[in-house]
Amino acid sequence: MVSPFTLPPAGFGPGSQPDPDGELQYMAMPSGMRTYAPHIPEAEDQQAMADALAMLAEMAAACELVAQGAAPVSFDLASLSPGARKVMADALGQGEVSIKIRGLPAVMVQESVFAGVWMCLAAGMDLVEVAPVPALALTRAHMPHRPAIGSLARKGPGLANAPAILTELVEKSRSHKAGAMAHVINLSLLPHTPEDLDWLAEATGEGAVTVLSRGYGNCRVTATAMPSVWKVQFFNSMDTLILDTFEVTGMPEVALAADEDLRDSALRIRDVIEAIR
């Protein structure tokens, strides 16, 4: 009898069977990781350059303050002249993390090459926020794009462990306190069927925030419509799912800029300023 459960198969894959030609076949190694590369912007308009550098210096100071526990700091890029805005965009570049925030207005967020320095763009919004993660990604996260209906989700053939997993998620969601350690349910280590995954997706719903972090492969973080419950999935460089989890937390750590990242960003921004001057 073939088991419907999704478990790692034994005795399959490269190296598990003899090769009649005597040659070993190796899996491709991860590649294409994005790394920090400083970029020195240029501008013929010296006033535009001076205005952009002044705001960059303020951003560096904000990085240090936020790393010490201060509240997030925002900078209105719409206040810059077109020339200074171009210099700013050139200096900030694009980092590894992007965020889509549903709602009114819908907001697209792109981390700059400086971790913890986020560019937020929407109708009537053009700003940079210095924070571990933009505030809107927290306040809107679990606003239902598709509501969580819990155990009312349709049950069909093939359902196995999903109801027990949902019970655990509901209990941890209700009891979660701000700042508490994340509670992780690792689906990759639990027996489950495809029907389990479909049922859990319907039961937990979908929130307003999706995060994509690129490095060795991708990590996709999706807010559910249940408070503090996130779906976190890691993919390798060949876009194969290698880790599938639920996390009950304020924001999964993979999407956050750490205090060390913010302090490092302050140093890097000042390096760019000094290189231009």
Select from segment 158-172 the residues that are outside any loop (DSSP other than H, G, I, E, B) and without any contact (Cβ under 8 Å) to a residue 60 or more places away in the chain and list them in ascending order. Ala162, Pro163, Ala164, Leu166, Thr167, Glu168, Val170, Glu171
Failed condition for Val66, given (1) within 20 Å of Glu274 (Cβ to Cβ); (2) crowded, with 18+ Cβ neighbours inside 10 Å, with all others met? (1)
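Among Val254, Val232, Val221, which is without any contact (Cβ under 8 Å) to a residue 60 or more places away in the chain and surrounded by fewer than 19 Cβ atoms within 10 Å (Cβ to Cβ)?
On the way: Val232 fails: surrounded by fewer than 19 Cβ atoms within 10 Å (Cβ to Cβ); Val221 fails: surrounded by fewer than 19 Cβ atoms within 10 Å (Cβ to Cβ).
Exactly one residue qualifies, and that residue is Val254.
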So, Ile99, is that one out of contact with any Gly (no Cβ under 6 Å at 6 or more places or on another chain), open to solvent by 40 Å² or more (accessible area, probe 1.4 Å) and among the hydrophobic types (A, V, I, L, M, F, W, C) or not? no
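Select, from Ala137, Ala106, the only residue that is open to solvent by 20 Å² or more (accessible area, probe 1.4 Å) and either closer than 26 Å to Val232 by Cα or at pLDDT 95 or above (or both). Can you show your working first?
Working: Ala137 fails: open to solvent by 20 Å² or more (accessible area, probe 1.4 Å).
None of the other options fit; the residue is Ala106.
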Which pairs do you get when a residue that is among the β-branched types (Val, Ile, Thr), found in segment 131-155, comes within reach of a residue that is open to solvent by 20 Å² or more (accessible area, probe 1.4 Å), reach meaning Cβ atoms under 6 angstrom, with the pair 6+ apart or on two chains? Val133/Leu256
Within segment 236-277, how many residues turn out to be within 18 Å of the chain's Cα centre (by Cα) and among the β-branched types (Val, Ile, Thr)? 6
Within segment 176-186, tally of residues that are open to solvent by 60 Å² or more (accessible area, probe 1.4 Å), of a type in the set (A, V, I, L, M) and assigned to a loop (DSSP other than H, G, I, E, B): 2
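A quick yes/no check of all residues on (1) open to solvent by less than 40 Å² (accessible area, probe 1.4 Å); (2) touching a strand residue (DSSP E or B) at 6+ places or on another chain (Cβ under 7 Å); (3) at pLDDT below 95:
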position	(1), (2), (3)
Arg146	no, yes, no
Ala162	yes, no, no
Leu169	yes, yes, no
Arg174	no, no, no
Leu200	yes, no, no
Boolean, Glu58 is among the acidic types (Asp, Glu) and surrounded by 20 or more Cβ atoms within 10 Å (Cβ to Cβ): no
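Looking at segment 69-86, which of the residues that are more than 18 Å from Leu138 (Cβ to Cβ) and touching a Leu at 6+ places or on another chain (Cβ under 8 Å) is surrounded by the fewest Cβ atoms within 10 Å (Cβ to Cβ)? Give the derivation first.
Let us first name the residues in segment 69-86 that are more than 18 Å from Leu138 (Cβ to Cβ), namely 75-86.
From what's left, touching a Leu at 6+ places or on another chain (Cβ under 8 Å): 75-78, 85.
Values: Phe75: 19, Asp76: 11, Leu77: 20, Ala78: 9, Arg85: 18.
By that ranking, first place goes to Ala78.
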For Ser237, work out the one condition from (1) polar (S, T, N, Q); (2) within 30 Å of Pro147 (Cβ to Cβ); (3) touching a residue at least 60 places away in the same chain (Cβ under 8 Å) it doesn't fulfil. (2)
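The values are calculated or read from the model by the stated rules, or taken from the named source; none is laboratory data. All of these numbers come straight from a predicted model, not from anything done at the bench. Note: ideal-geometry Cβ built from the backbone for every residue, glycine included; neighbour counts use all protein chains shown. Accessible surface areas use protein heavy atoms only, side chains included; no ligands, DNA or RNA. Shrake-Rupley method; radii C 1.70, N 1.55, O 1.52, S 1.80 Å.
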